[in-house]
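Note sheet for the following structure.
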Amino acid sequence: MLKAENLNFSIGEKTILDRVSLEIKQGEIFAILGPNGAGKSTLMKCLSGYEKPTRGNITLMGQAFASFSLTDLAAIRAVLTQSVSINFPFTALEVAAMGRGQFSGVGQDMRDYDIAREAMQLTEVSHLEERLISTLSGGEQQRVHMARILAQLWDQTDCILFLDEPTSALDLKHQFMLFDICRTLASQKNFAVVVILHDLQLAKRMTDQALLLDAGKIFAVGASADVINIDTVSTLYDINRSQVML
Amino acid sequence: MIKAVVGRWISVPKQGEQNNFVILTLLSLMLGLMVLVSSTIGAISLSLSDILLFSLPEFDQTILFSIRLPRVLLAVVVGAALGISGAAMQGLFRNPLADPGLIGITGGAALAVSCMIVVIGPAYGFLGLYSLGIAAFVGGTITSLVILRMSRLTGVFSVTHMLLAGIAINALTFAGTGFLTFISDDQQLRAMTFWTMGSLGGAMWEPVLVCLSIILPSMWFLTKKARELNILLLGEENAAYIGVDTHKLKRTIILTSALCVGAAVAVSGIIGFIGLVVPHLIRLLFGADHKLLIPASALLGAALLLLADTIARTLVAPSELPVGVLTSLVGGPFFLWLLIKQNSSGN
């Protein structure tokens with residue numbers, strides 16, 4: 001579904017991504033792992049079409065990124081960024097409904113709110129819909145934004161979901177909830193899910209494929225269960241083998 | 001306690017189009033009523049029933065149509081322009097405290113007018129009141145174009161660069177205006193000071209119509225973009241993911257607000273606080289949705305400036321206070337109170 005060949009991304013002299021190639025297939029959950037500053041978020045920005053790679057090609061459904069308009073892209077891929085700060089008094093429901101932004105044009109279609117409500121039910125934030133987003137806890141906000149992302153691709157199939165550290169503020173129960181949702185989308189709606197994670201245990205258990213990134217280069221790539229092991233982890237993160245917990 | 005009250009206010013409108021309609025209708029009615037009442041108040045008071053029945057004596061009719069009504073309507077359109085531009089700028093900066101004054105548009109307009117008064121002095125008398133207007137408009141537009149250009153120096157539009165450019169331009173225009181003040185003679189100084197304080201005196205039908213012809217399309221256009229403006233508040237990156245062309249949207253907001261500010265500054269000088277507080281107040285009362293925020297800010301801005309101007313021209317009649325002084329005097333403390341209240345409700 002999404003294919004990248006020899007991606008390079010540099011800002012000035014500094015190379016952030018160096019010859020990264022990967023393929024993400026429909027129906028699979030693809031993890032991007034690596035130490036801080038390895039280029040995970042940059043890779044995700046390139047893959048989701050926000051940043052243009054300095055060199056290399058990305059094709060989405062066999063077509064170059066440039067051939068998609070912003071609205072076309074919005075209908076087939078959604079992105080959950082690490083943090084979103086909103087300085088204005090929007091309710092959780094209004095924020096979730098923003099994900100429907102471009103689909104109904106100018107009017108605020110009631111259907112958008114219905115979809116947003118259903119999405120909020122999935123991420124278990126329905127009881128917060130009237131609360132102002134700024135009064136919610138970090139994990140609750142993260143779940144509201146997750147609902148916004150889900151609302152964006154509601155009723156669509158064959159889409160691609162990008163999640164940048166989606167579990168960073170979630171408690172254990174909601175981490176499982178999140179991956180339940182991802183798994184359901186992958187198996188029933190043929191979604192591809194690309195997720196940046198720091199919890200290697202979670203990645204090993206919940207994802208199908210994993211790409212380990214080290215200073216912008218691919219360190220290892222393959223089935224999560226194989227790639228995430230004591231050897232790779234201890235070398236990649238530069239820690240003792242005894243410190244690795246998987 | 002306060003939190004509960006504020007929370008209830010904010011949750012009132014929810015998402016209903018109908019609710020928006022009711023709120024806007026109520027605000028319009030309030031504004032209409034204020035226009036009627038303030039038309040009767042002045043150095044010579046007119047009878048409200050006579051106005052409504054079209055049975056004014058000829059002398060009073062002249063007062064109403066050549067003096068009172070242009071003045072009242074000018075306050076309305078200027079207030080609306082300030083309200084709209086404030087709301088749009090705050091959306092653009094994703095910061096409820098942003099203001100056209102902040103990014104130097106007002107400063108640019110003021111500098112252009114000062115130049116007009118001091119450097120091209122003779123032309124002032126020749127072109128009359130309109131020279132000031134054209135100068136402010138050109139100054140405001142040039143400044144916003146310069147800021148637009150500078151904020152894209154690195155190739156990508158950056159709000160930080162834009163803010164910094166705004167601060168620098170504000171300092172420059174302030175220095176420029178200060179220098180011009182220094183070299184001006186007594187008469188020029190008087191004209192400049194009066195203009196900078198903001199006043200709606202000398203209102204005629206032309207400025208009202210010119211202002212209106214700019215504000216109505218701007219308001220319509222921004223309201224049409226309301227949804228995208230809402231989404232922009234998630235940040236540029238997230239807005240782009242949802243399919244909003246952020247660069248285009250930002251250009252649109254800047255140019256529309258520059259137009260509104262230019263129009264307002266041109267005919268009335270610098271009138272503070274309306275653009276800053278009105279959208280804030282609307283958000284506090286009815287929520288942050290731009291679909292309501294833009295037109296409601298226009299209506300409330302109009303109402304507030306009309307109220308301030310009516311007080312300004314009657315308080316020390318037959319003389320009058322500059323309305324800018326009055327709005328700042330009332331608006332400053334009010335804004336502080338708002339901030340403190342918001343803080344206590346946030347905790």
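Descriptive notes on the structure:
- When each of B:LYS248/B:LYS291; A:LYS173/B:LYS291; A:LYS14/B:LYS248; A:LYS25/B:LYS248; A:LYS52/A:LYS204 is checked by Cα-Cα distance, pairs over 27 Å: A:LYS173/B:LYS291; A:LYS14/B:LYS248; A:LYS25/B:LYS248; A:LYS52/A:LYS204
- Given charges at Cβ of Lys, Arg, Asp, Glu: segment B:70-346 dipole, positive-most of B:ASN230, B:VAL72, B:ILE274: B:ASN230
- Net dipole in debye of chain B [+1 Lys, Arg Cβ; -1 Asp, Glu Cβ; about Cα centre; nearest 20]: 980 debye
- Dipole orientation for chain B: of the candidates B:VAL316, B:VAL244, B:SER257, B:VAL244 has the Cα lying most toward the positive pole (charges on Cβ; Lys, Arg +1; Asp, Glu -1).
- Proximal aspartates and glutamates to A:LYS217, defined as alpha-carbon separation beneath 14 angstrom and excluding residues fewer than eight positions away on the same chain: A:GLU5, A:ASP18
- Ascending count of other beta-carbon atoms within 10 Å, so fewest first, for B:ARG227, B:ARG190: B:ARG190, B:ARG227
- Contact order normalised by residue count of chain A, Cα under 8 Å, 6+ apart, percent: 28 percent
- For segment A:41-175, diffusion coefficient by Stokes-Einstein and Kirkwood Rh (Cα), 25 °C, 0.890 mPa s, µm²/s: 156 µm²/s
- Along its three principal directions, the equivalent ellipsoid of segment A:2-243 from the Cα gyration tensor extends over semi-axes of 30, 21, 16 Å, largest first.
- Enclosing the Cα atoms of the protein assembly as shown in their convex hull gives a volume equal to 173 cubic angstrom per residue.
- Base-10 log of normalised Debye intensity for segment B:70-346 (one unit scatterer per alpha-carbon) at q = 0.16 Å⁻¹: -1.24
- When the square roots of the Cα gyration tensor eigenvalues are ordered a ≥ b ≥ c, the ratio a/c for segment A:136-191 is 1.5 or more and a/b exceeds b/c, which makes its shape prolate.
- Centroid-to-centroid separation of segment A:18-48 and segment B:272-331 [C-alpha atoms, Å]: 51 Å
- Global size of segment A:1-51: 11.3, 38 Å for Rg and Dmax (C-alpha atoms, Rg to one decimal, Dmax whole).
- Over segment B:136-251: Rg over Rh, Cα atoms, Kirkwood Rh: 1.07
- Along segment B:224-229 the Karplus relation, 6.51 cos²θ - 1.76 cosθ + 1.60 evaluated at θ = phi - 60°, assigns HN-Hα couplings of 5, 8, 3, 4, 5, 4 Hz to successive residues, with x for each Gly and Pro.
- Each Lys and Arg Cβ is given +1 and each Asp and Glu Cβ -1; about its Cα centre, the protein assembly as shown then shows a dipole of about 240 debye.
- Farthest positive-ward along segment A:133-246 dipole, Cα basis, beta-carbon charges - from A:VAL227, A:VAL193, A:GLY216: A:VAL193
- For A:SER21, the residues whose modelled amide H falls within less than 5 Å of its own, excluding neighbours fewer than 5 places apart on the same chain, are A:ASN6, A:LEU7.
- Estimated from the Cβ-Cβ distance and a Förster radius of 41 angstrom, the FRET efficiency linking A:GLN201 and A:ASP155 is about 0.75.
- Only helical runs count toward this figure. For chain B, summing -39,500 (n - 2.57) over DSSP H runs of n ≥ 4 and dividing by all residues gives -25500 deg cm²/dmol at 222 nm.
- What you get for segment A:2-243, charging only the Cβ of Lys and Arg (+1) and of Asp and Glu (-1), is a dipole of about 380 debye around the Cα centre.
Each value in this text was obtained by applying a stated rule to the coordinates, not by laboratory testing. Quick caveat, the model's predicted, so the values are computed rather than measured. Cβ coordinates were reconstructed from backbone atoms using ideal geometry, including for glycine residues, and neighbour counts include every protein chain displayed.
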